Structure formats: structure tokens, C-alpha cells
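Student: This is the structure, below, for whatever I ask next.
Here, each number is a calculation from the coordinates, and none is a lab measurement. Just so it is clear, the model here is predicted, and its values are computed rather than measured. A quick note on method: Cβ atoms are made from the backbone with ideal geometry, for glycine too, and the neighbour counts reach across all protein chains shown.
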Amino acid sequence: MLGEYRIAGRRAAEIAASVEHAVGSGELEPGQLLPPMRELALDLGVNANTVAAAYRTLRERGVIETAGRRGSRVRAKPATTGREYLGVRVPPGVRNVADGNPDPALLPGLAEVFAAAAEQADRHPVLYGDDAVDPELARLARAGLDADGVPDGPVVVTSGSLDAIERVLAVHLKPGDAVAVEDPGWGSLLDLVPALGLRTVPVGVDDEGPLPDDIRKALAGGARALVVTDRAQNPTGAAVTAPRARALRSVLREHPGTLLIEDDHGHRIVDLPLHPLAGVTRHWALVRSTAKAYGPDLRLAVLTGDEVTADRVRGRQRLGPGWVSLLFQRAVARLWAGGAVDARAVARAYGGRRQALIDALAERGVVAHGRSGMNVWVPVPDETGAVARLLHAGWAVAPGARFRMSAPPGIRITVSTFTPDDIEPMAEAVASAIGTAADRRYV
């Protein structure tokens, strides 16, 4: 059952740690069956309740799953093993188009805005008890949200989109609750949900966003929360259109108790309008981060939502980090106020590179997706083979397994640093890697 690995420990925490360590190191593989609780208790010389408590902890942490009499086994994609490990190692000389990073040439300089923020901090040092949100950042954030039709609500600042989403889920849900997520979708979110002890319910995605019928089915089946990417969906580039937004709001009206979380990480790098869903359900949150427009190391996102959600997130934040550095907040406020990035120019640059690749692939009979953002999603019949053949051809792409649950296989190509000279060689390599059009009837 466990091969050469032996679970150890006398206390529930020790037993759980032993299993989690083995999963993280690869000694226990996804899908591997664990011993029945009474059998393991006998082997370790402990009470069966101790093992039951350990298994419960592992379930809540998203490491194992239990299916009644069929026993407990390591999850197919355990939270302990992050999806980044499903990527490929990029050897020297191979072009990395798998990383999802923005183009450094399109990022603003940060020295001037941080120097100004530091001077302000020197004049008026931030002390315990000061406001957690910079007033100017809140004003600018709220003005942008108002312009995009996002309902009124308090502004909270977090350390990036994932931090915001985690906090919203944690203050509303309990272990075992189900969360409807896009499939394919953001790998980090697909890791986070089970790590919180929650269950993922996949909903399909097309170029216009999540599929209403899938969401209706998920919510009718008991999903308590829904996470939607409004624009620049990762990995498909989907963006919610006005008709799709109307259809989704109609579904949400049937389930007003749903916790709705919208991720607008494409803010300031896309040229498609936002069509928010917020305001239909009692509890909601919309998150905007600075990572794609200003660089991944600028760990800041603004969150707005209903009063209860915002208050709970602020309260929980006070018990942890307290606040996001006002130095960061003031620097971002200056970037926003000064127009450090021409959002339209950035969107045109990414859009031109994305569309050029999609068109070049279409000329070769290859269907690809990417309405917005910096990625192109290509459905493939054999994901592992396609990734390997592209690597051999000198291109490292992201395997779709990082982003999928039950969705068909695919590969993600990040076009952010593409030049015109890259398009034809990339398209030719992809077409060669996945075969002729006759071989791709699944598309």
C-alpha cells in the first residue's frame, strides 16, 4: 500500500506531518492509498482516534481525500505539492515562454516614486495605530472602480491577489465547503482552495468567461463560493463580455447567498472593458493587483466588497501582518496618479503579440485562444508529448496540467516578450509538435 515508506508519529500532529512530508518529497505519490485508520493505529501503537484526528487534519489541509469505505488516499493534486512542480525545467539555450511574467520593458521605473514615498515617511513616520490604507491610494482606487461600474464599498489593501482571495475565502467559509473555480484556471488558486480545506468544483470556460450552465450546476450542487477572472484569464486569456456578464448575474440572482470573488488582475494591461458581476449576491469582493502592470515584486492589491466582507478581512488582517506597507501604497498611488504606464499602449503591445501568434497558428490549422492578457492557450491531444517536443525544438511552454482539473489538455504560451521575429518560428514549432490538422479533430 505504501511501498517502502512508513508513517511515523505518536501524536496526531506528528502523524499528519509524517504523511505531509512524504507527499511533499514524492515518497507518497498522488492517488496512493493510505492504511485504514485502525490498521495504522495498531501499527503505531496509538489510539484510533489519534489517527482519525491526523487524517482529518490532512483532509482539511488538502493533502488527502476520503471516499467512505474506499478509504483515504493522497489527492490527485495535493496542496502540499504546488502546481509549479508540474512545470518543466528550462535547460540553457531554450527560450522560456512558460513563466507568465510581464515584459520588463513595459514596466515603469520605481526609483522615483519610492524615493518620494520614503521622503514622506521620513517627514511623517508610520506608527502603530495609524490608518492601514493610504487615503490617496484609496481615493484613486475607488475612482477607478466607480468608473468601471463596481458597486460602492470600502477599500482594503492586501499583499497581492492571492492574499486577498485567501482572506475572503477564510473569513466566510469553513473546511469542507465547496468553491466553484474556472477550469482551466489559475494554478495558484487551484492549490489554495484545497490548502484551506475547501473543495474545488470545476466550471468550464470559453473566450467570454465562465459558462453559465456550469456555474448554475455548481451552485445548485452546493458550492458556497464562486471565483471569476474578469479579464486576462490565466491561462486562456478569456474576458467576460457584456452578454456573458448578464447571463452570469442572472444565475447568481438565483443563489444570492453565494460568496462572489472577482479577480481583475488584468487591470491596466488590457483594453477590454470590465463587466463586473458584483452587487447581485449578499457577499462579494473584487480584487485588483499591481503585479502585471508594475511588476510581480510590487506585492500589492486593492480589494473592495460588501461592508461585512471588508470588515472581516480588515479584522483578520489586524491579527496577522496588520497592514501592507504604506511605503508601497504611496508608491503605487504615485504610479497611478502620474500615469507611469500608458495602459492603452501596454494593452496594444500584448494584444499585438498575442494576436500575431494566434493568427500564425490559425494559418497552420491550429486553434488557439487569447482574447486578453499576455498568454495564449493551445488545446493539444497529447500534452506531455507536445511539451517535450517543443522543449526539444528550443521552446519551454507551460503544461496545461498546472491549470486543469477536468478540462481537456493544452499548453500555455506567454507572449509578453515576443518580437515579430519570434512569431513564425513559435507557430511552426507548435504546429509540428501537435501534428497535422487531421490529427486534431478533438478541437
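Student: Ratio of Rg to Rh for the chain, alpha carbon only, Kirkwood?
Tutor: Dividing the radius of gyration by the Kirkwood radius yields 0.99.
Student: Something else now. Taking springs between alpha-carbon atoms closer than 10 angstrom, which of 306, 230, 342 fluctuates most in the Gaussian network model of the chain?
Tutor: Its mean-square fluctuation being the largest, the pick is 342.
Student: While we're here: Please give the contour-minus-distance gain from residue 146 to residue 105: 0.36 nm per residue of separation, less the Cα-Cα distance, rounded to one decimal in nm.
Tutor: Extra length from residue 146 to residue 105 when fully extended: 11.8 nm.
Student: Spin-label point model (7 Å from Cα, Cβ direction): what's the residue 118 to residue 421 distance in nm?
Tutor: 3.8 nm
Student: Continuing with this model, one more query. How high is the FRET efficiency between residue 47 and residue 406 when r is their beta carbon distance and R₀ equals 51 Å, given to the nearest 0.05?
Tutor: 0.85
Student: What residue among 304, 384, 241 shows peak mean-square fluctuation when the chain is described by a Gaussian network model with Cα springs under 10 Å?
Tutor: 384
Student: Next up: Please list, by residue number, everything in the range 170-213 whose backbone N is under 17 Å from a paramagnetic label point 7 Å out along Cα→Cβ of residue 56.
Tutor: Within reach of a label on residue 56, which here means backbone N under 17 Å from a point 7 Å along Cα→Cβ, the range 170-213 contributes 174-177, 197-198.
Student: For the range 264-323, what log10 I(q)/I(0) values come out of the Debye formula at q = 0.22, 0.26, 0.28 1/Å, with one point per alpha carbon and no solvent?
Tutor: -0.98, -1.08, -1.12
Student: Ok, one more. What ranking do 37, 426 get, fewest neighbouring Cβ atoms within 10 angstrom at the top? Working shown, then result.
Tutor: Working: 37 19, 426 25.
Neighbour counts put them in this order, fewest first: 37, 426.
Student: Mark the label point 7 Å from the Cα of residue 21 along Cα→Cβ and return the residues of the range 37-57 whose backbone N is within less than 17 Å of it.
Tutor: Zone members listed by number: 44, 54-55.
Student: Please list the radius of gyration and Dmax for the range 111-338, considering alpha-carbon atoms only, with Å as the unit.
Tutor: 17.3, 56
Student: Hey, fewest Cβ within 10 Å first, where do 128, 350 land in order?
Tutor: By the 10 Å Cβ count, ascending, the order reads 128, 350.
Student: Compute the distance in nm between two label points, each set 7 Å from the Cα along the Cα-to-Cβ direction, one at residue 388 and one at residue 66.
Tutor: Here the modelled spin labels are 3.9 nm apart.
Student: Could you check the simple spin-label distance between residue 13 and residue 250, using points 7 Å along Cα→Cβ, in nm with one decimal?
Tutor: Rounded to a tenth, the inter-label distance reads 5.3 nm.
Student: Please work out the Cα center distance from the range 173-227 to the range 392-429, rounded to the nearest Å.
Tutor: Using only Cα atoms to place each centre, the spacing works out to 25 Å.
Student: Quick one: 155, 150, 367, fewest Cβ neighbours within 10 Å first, how do they rank?
Tutor: Going from sparsest to densest Cβ surroundings: 367, 155, 150.
Student: 222 nm [θ] for the chain, helices only, -39500 (n - 2.57) per DSSP H run of 4+, per residue, to 500?
Tutor: On the way: 15 runs with 178 residues, N = 443.
-12500 deg cm²/dmol, from helical runs alone.
Student: Then there's this: Take every DSSP beta bridge whose two residues both sit in the chain, then give the antiparallel share in percent to the nearest 5. Before the final figure, lay out each step's value.
Tutor: Values: 23 of 43 bridges.
Expressed as a percentage, antiparallel bridges in the chain total about 55.
Student: If you don't mind, another one. Taking 0.36 nm per residue of separation and subtracting the Cα-Cα distance, what length does fully extending residue 316 through residue 432 add? Present the calculation step by step, with values, prior to reporting the outcome.
Tutor: On the way: separation 116, 0.36 × 116 = 41.76 nm, distance 5.14 nm.
Additional length available on full extension: 36.6 nm.
Student: Roughly how many Å is it from the Cα centre of the range 249-327 to that of the range 20-59, as a whole number?
Tutor: 37 Å
Student: While we're here: Given the options 417, 290, 66, state which has the largest fluctuation in a GNM of the chain using a 10 Å cut-off (strictly under) for Cα springs.
Tutor: Per the Cα network of the chain with a 10 Å cutoff, 66 tops the list.
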